[in-house]
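J.: Supplied in structure tokens, the structure appears directly below.
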Amino acid sequence: MAQRFTLKDPFREMQLFNNRAVFALVLITLFTFILIGRLVYLQIFYHEHFSTLSHENRVNIVPLPPTRGLIYDRNGVLLAQNLPAFGIEVIPEQVPDLATSLKTLASIIRIEQDDIDRFHRLRKQKKAFSSVPLRFRLSDEEVALFAVNRHRFPGFDVVARLMRNYPLKNTTVHTLGFVGRINVNEMRTLDSSNYSGTTHIGKIGIEKAYEEALHGTVGVKHVEVNATGRVLRILKQRHPQPGKNLILTIDAELQRAAEQALGENRGAIVALNPNNGDILALVSTPTYDPNLFVMGIDKTTYGALQNSPDRPLFNRALRGQYPPGSTIKPFMGLAGLEYNKIEVNKKIFCPGWFSLRGDAHKYRDWKKTGHGQVNLNKAIAESCDVLFYDLSLTLGIDLIHTFLGQFGFGKTTGIDLTGEQPALLPSRKWKKRVKNQIWYPGETLIAGIGQGYTLTTPLQLAVASAMLANKGKKIKPRMVKSIHDPKTNTTTHIAPVSPGILHLENPNNWNIITAAMIDVVHGKRGTARKIGKNTPYIIAGKTGTAQVFGIKQDEEYIEEEVALRLRDHALFIAFAPADAPEIAISVIVENGGSGSETAAPVARKIMDLYLLKKNKNNAK
Amino acid sequence: MLNKQYDVAKMNAQHESGRIFSSRRFHIDAPLFYALVLLSLVGLAILYSSSGQDMDSIVKQLVRLAAAFFAMLLIAQIPPHLIRYWAPLSFAIGLILLIFVLFFGETGKGAQRWLDLGFFRFQPSELMKLAVPLMIAWYLADRTLPPQFKHVIISTLMILIPTVLIAKQPDLGTALLICASGIFVLLFAGLSWRIICSVVVLAVPLAWAVWRFAMHEYQRNRVLTFLNPENDPLGSGYHIIQSKIAIGSGGIYGKGWLNGTQSHLEFLPESSTDFIFAVFSEEFGLIGTLFLLSLYLYIVYRGIYIATQAQHTFDRLLAGSLILTFFFYVFVNIGMVIGILPVVGLPLPLISYGGTSMVTLMLGFGILMSIQTHRKLLSK
């Protein structure tokens, strides 16, 4: 250490230190400015950005689903309501010993492994302090059992949620339809903000067609949450606006009576007011309970409905396509009169069959022995086929197509329900397009008696009958009479729509056909004379029998021998009172045999109920 | 190794000691004292907010502050030559305790930092925060300055040994701090620019080596998260993202005292300790942070002033290192909270909730005051 002995120089050391101190000061200042620069960057330039993030952090928007609108019938009978459904929900963080509690609870009320699995699955997705559903659809007894033992289950509670309920159950299913859980496809097309709190949506029927009005507008609650998501307070709230209530044109009593009148039969009934298109009853049997679908139907039950040969899920009134059979005859007769192809009193001879010139094929009449001498009136009243074979041949398919088209056949009626079928009114063009074949005269013949390609829905038949009743005034059938807004307590009436009037060259032709239809019911030999007895009002009607099963030439149709499902469909159309119609009706009983035997009595029951009850009410 | 300076110092020390016990003068540096009191008050105010208006925390912090101020004033009464006298011994004790901790230390939060002495738990690394700059200043003050190369090497070794021991615990923040405090002494002692430049150049491969071999997984994660916090928003990036949101949403004027949502709704983790600056920025905005930075800067400038006024090399080196370390504390903490430095877990001096490091820090200020006030006596 002695080789390089350097003397300490206090003055030099101090200068050196001062130099370094200045350097340190510069560095300190520099680094401070780096901090300030960064703070300016965060707090001024990016202030808005971070403000937004901070706001998003603390504010959660909770949707408040609106209450679905109620549905009433025309007389104020409640058809669709929202009932509290009870379930058990658990707040996991409040449960000291979850496993034991679940086990104990299972000994009191029914809890299946599925429930427990779902509970644990949901629990993982939720925060510890939020409620997790364990059981749905508790029975009243279960609710009571749990309530008694409530103290033993901290963190468990019975929770009520509003669930759609249809008090008339099966009776209204084909008109109201039902709501069900929103599925993935629906989610894609829905207004996601308005439906953010909604779990159910109208699937079919009125519930679907009037979804927008029934649903209402979602409300929102802005809540302040902390980092763990716990709600601390409500910042602001916009209440949901409940859905609008619907007042239907349906008469629940009539609807039920119509359903009962069909009994065990498969079939459909449409009854409407010919003056304004109000659907009074719209029935399709068999039916099913729509309430099953609200809570989510189980697979077995659904499978049974789906695979039943009676097809209960199928709405026959709107979608069932049947050959109109003889119910087409009043319209055909009117066409003949209108186009001057038939005279009112001209008689032809009915031997029980008809054949085209140069063709050996015999077109049969339903009455093997024939009707003898028949005019138009008798041909409708007794449903002679031969006269109509002759008439349709004279008219030709083109005129038939044009004229029947004016009654709405082959087109949808425009009813405010979804899923309606247009059915089929055949024409040359149609056959060329679909079958790529020319039209044969034989096909014109059978079209004249409502067989062959011609198909109609029960709804179309009812609407067409209403036109006969109205002497040409067209109607658009409707299900909803008025809409009630519970918020403003105002009711908006929906004005009935008439798509126009069918003007005939000779308006008296309406009366000729109506008279013939009255004879169907009240005439001595009318096909529906059985229902014409003891009526305080006059019915104009027409029976029909639609072939399901083709009969070969020279074969007898023996009802007993034909399998039940191959039997003819029975049809009946009617309106009453004939002079001032208040109800028009169409009835179809699948495989019911003959219209006069099965379909007409059903119509009579409905008309009795409606007209007699109504008269009683008027009398009061 | 004797030289003239040493003898003079010794003489002065005897001279001084005679004076102190006879004098009734209370040794305190008023500007520093008031600035520190003001800083503590700001700290209490923001702690009141960040703790969710918890009086319990306030009282605890007040007790700690009182203890720390008491310790500071106590040290301030001790003349610097006595402090210098004890420097080698405190360094030796600290080193022994650090080795002891390596084998018998208590584990807390995944790190072995504590030594349980039965009646209280003690972190030897806190002692080293003072002992290392003391030791290096003691060692270099007796040598000619600027230091010769071999003295630099010996100093470096004396810095690195405790640094590595503490980094092993692992406590990266404190290790960095202690390393820095030693290096600051070397810088003030006049470490040649050539060495400084070479170290900076060598730092890159060294950093790689440290990354590769010396760092724990969690430390690497911290660095990675620092480089890209959005990578892992719910994991290790969460701190930085939430802290930036807190600061940025504060804007110029802040959300107002007690109105910070980020901290009160628990989005900001460690809002009372390491990340308290974010709460401050959220509630008081840029204006508040500029005030706080000015306060810190004032204290630092005062410290540098005290260092330049000191008449002994040891005093100068020590004062310079202590005050620069204080700034290092502030810069690293704020730098990590505002997202320009990795999260190393250093508290914000006198603002963050917590005790041990505060006492150490105030002891440092006590030494500064001692240097300042005893110099005045001497110069008369």
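Computed from the coordinates by the stated procedures, all read-outs in this text should not be read as laboratory data. Since the structure is predicted, the reported quantities are computational estimates derived from the model, not experimental observations. Using ideal geometry, Cβ is built from the backbone for each residue, glycine included, and neighbour counts are taken over all protein chains shown.
J.: Which of the three applies to the stretch A:418-545, rounded, prolate or oblate, going by the alpha-carbon gyration tensor with a ≥ b ≥ c and a/c under 1.5 meaning rounded?
T.: Since a/c reaches 1.5 but b/c is at least a/b, the shape of the stretch A:418-545 is classed as oblate.
J.: Follow-up question, since we're still on this one. Taking R0 as 51 Å, what FRET efficiency do you get between A:Ser131 and A:Glu48 from their Cβ-Cβ distance, rounded to the nearest 0.05?
T.: Computed FRET efficiency for A:Ser131 and A:Glu48 comes out at 0.90.
J.: Still on this structure, please answer the following. DSSP loop (so not H, G, I, E, B), at most 10 other Cβ within 10 Å: list which trypsin sites (Lys or Arg not before Pro) in the stretch A:274-349 pass both filters.
T.: A:Lys346
J.: If the label point is 7 Å along Cα→Cβ of A:Lys530, which residues in the stretch A:261-286 have backbone nitrogen under 15 Å from it?
T.: Answer for this model: A:262.
J.: Pull out the extension gain between A:Phe31 and A:Ser107, defined as 0.36 nm times the separation in residues minus the alpha carbon to alpha carbon distance; nm, one decimal.
T.: 20.4 nm
J.: Can you give the net charge of the other residues whose Cβ lies under 10 Å from the Cβ of A:His371, counting K and R as +1 and D and E as -1?
T.: Once positives and negatives cancel, what remains is 0.
J.: Helix A:10-40: angle to the longest alpha-carbon principal axis of chain A, degrees 0 to 90, nearest 10?
T.: The angle comes out near 10 degrees.
J.: Please work out the C-alpha center-to-center distance from the stretch A:10-76 to the stretch A:369-424 and express it in whole Å.
T.: When both Cα centres are located, 81 Å separates them.
J.: Residues with amide H under 5 Å of A:Asp278's amide H, sequence separation 5 or more or different chain, H placed in the peptide plane at 1.01 Å from N; which?
T.: The list, which skips near neighbours in sequence, is A:Asn273, A:Arg478.
J.: Could you list which residues have their amide H under 5 Å from that of A:Leu64, counting only those 5 or more apart in sequence or on another chain, with H placed in the peptide plane?
T.: Correct list: A:Gly219, A:Val220, A:Lys221.
J.: Starting at the first residue of the stretch A:189-201, write each ³J(HN,Hα) from the Karplus equation 6.51 cos²θ - 1.76 cosθ + 1.60 with θ = phi - 60°, in whole Hz, x for Gly and Pro.
T.: 9, 6, 6, 5, 6, 5, 9, 5, x, 8, 9, 10, 8
J.: For A:Glu582, enumerate residues with amide H under 5 Å from its amide H, sequence gap 5+ or separate chain, H modeled in the peptide plane.
T.: A:Ala576
J.: Let me ask something else about it. In degrees, nearest 10, range 0 to 90: what is the angle between the Cα axis of helix A:385-405 and the longest Cα principal axis of chain A?
T.: Taking Cα atoms only, the helix is inclined about 40 degrees.
J.: Of the trypsin sites (Lys or Arg not before Pro) in the stretch A:57-148, which ones lie in a loop per DSSP and count no more than 15 other C-beta atoms within 10 Å?
T.: A:Arg110, A:Lys126, A:Lys127, A:Arg137
J.: Roughly speaking, what is the centre-to-centre gap between the stretch B:52-70 and the stretch A:204-269 when only Cα atoms are used, to the nearest Å?
T.: Distance between centres, Cα-based: 60 Å.
J.: A further question on this structure: Return, ordered by residue number, the residues of the stretch A:53-88 whose backbone nitrogen is under 16 Å from a label point located 7 Å along Cα→Cβ of A:Arg181.
T.: A:87-88
J.: Still on this model: Average partner chain C-beta neighbours within 10 Å, per residue of B:329-337?
T.: Counting Cβ atoms of other protein chains within 10 Å of each residue's Cβ and averaging gives 2.
J.: To continue, here is another question. Counting only other chains, and only Cβ atoms inside 10 Å, what mean value do you get across the residues of A:44-50?
T.: If you average over the peptide's residues, the count of other-chain Cβ atoms is 5.
J.: Test of understanding: extend the Cα→C-beta vector of A:Ala144 to 7 Å, then name every residue of the stretch A:67-105 with backbone N under 19 Å from that spot.
T.: A:84-88
J.: Work out from phi, with θ = phi - 60° and the Karplus expression 6.51 cos²θ - 1.76 cosθ + 1.60, the ³J(HN,Hα) of each residue of the stretch A:99-114, listed in order in whole Hz, and give x for Gly and Pro.
T.: Whole-Hz 3J(HN,Hα) from phi for the stretch A:99-114: 4, 5, 4, 4, 5, 5, 5, 5, 7, 9, 10, 6, 10, 9, 4, 4.
J.: Which FRET efficiency, nearest 0.05, do A:His503 and A:Thr301 yield, Cβ-Cβ r, R0 56 Å?
T.: After rounding to 0.05, the efficiency reads 0.60.
J.: Another one. What does the average come to when, for each residue of peptide B:339-347, you count the partner chain Cβ atoms lying within 10 Å of its Cβ?
T.: 1
J.: For a footprinting-style exposure proxy, rank A:Cys384, A:Cys350 by other Cβ within 10 Å, fewest first.
T.: In increasing order of surrounding Cβ atoms, one gets A:Cys350, A:Cys384.
J.: So, R0 is 60 Å and r is the distance between the beta-carbons of B:Phe70 and A:Ser482; what FRET efficiency does that work out to, to 0.05?
T.: 0.10
J.: Could you calculate the contour length gain from B:Leu41 to B:Phe26, that is, 0.36 nm times the residue separation minus the distance between their Cα atoms, to one decimal place in nm?
T.: 3.1 nm
J.: Still on this model: Determine, for A:Leu399, B:Leu62, the number of other Cβ atoms within 10 Å of each Cβ, and report the residues in order from fewest to most.
T.: B:Leu62, A:Leu399
J.: Now, a different point. Using θ = phi - 60° and the Karplus curve 6.51 cos²θ - 1.76 cosθ + 1.60, what whole-Hz ³J(HN,Hα) does each residue of the stretch B:64-70 get, with Gly and Pro shown as x?
T.: 4, 4, 4, 4, 5, 5, 4
J.: Find how many whole Å separate the alpha carbon centroid of the stretch A:135-170 from the alpha carbon centroid of the stretch B:311-336.
T.: With the stretch B:311-336 and the stretch A:135-170 each reduced to a Cα centre, they are spaced 70 Å.
J.: At a threshold of 8 angstrom on Cα-Cα distance, excluding pairs fewer than six apart, so keeping six or more, what relative contact order does the stretch A:86-162 reach in percent?
T.: Dividing the mean separation by the residue count of the stretch A:86-162 yields 58 percent.
J.: Same structure again: Just rank A:Glu590, A:Glu13, A:Glu141, A:Glu253, fewest to most, by other beta-carbon atoms within 10 angstrom.
T.: Lowest to highest Cβ neighbour count: A:Glu141, A:Glu253, A:Glu13, A:Glu590.
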